[in-house]
């Protein structure tokens, strides 16, 4: 891999990671603001969700689940974009068989 491709790939990875963290931060801040500003049961449900996300045990569990969903979603998107991972090795098998018969 050339140095330029490696740098571009690294920059893309940093951008995607930063975007994911920004979205999660915006989500949590929106929940906290919505808890105070939105009246009725919608505001109360925002408050309850913010409370669950900030409770020590539930916070780690919920962020682990969100992270797992993000990883699975990115993997599904990547596999859809790049296609199947199946690789045929028939040429190598034929070459190895021809090499074995010569020996």
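Taking a ≥ b ≥ c as the square roots of the Cα gyration tensor eigenvalues, with a/c under 1.5 meaning rounded and otherwise prolate when a/b beats b/c, else oblate, which class fits region 39-88? Verdict is oblate for region 39-88. The calculated FRET efficiency for residue 68 paired with residue 45, based on their beta-carbon distance and R0 = 22 Å, is about 0.40.
Applying 1/(1 + (r/R0)^6) with R0 = 22 Å to the Cβ-Cβ distance of residue 21 and residue 77 gives a FRET efficiency near 0.75. A Förster radius of 25 Å combined with the Cβ-Cβ distance from residue 36 to residue 58 puts the calculated FRET efficiency at roughly 0.75.
Every number in this text was worked out from the coordinates using simple rules, so none of it is lab data. For clarity, every value in this text was computed on a predicted model and none was experimentally measured. Glycine gets a Cβ as well: all are built from the backbone with ideal geometry, and neighbour counts include every protein chain shown.
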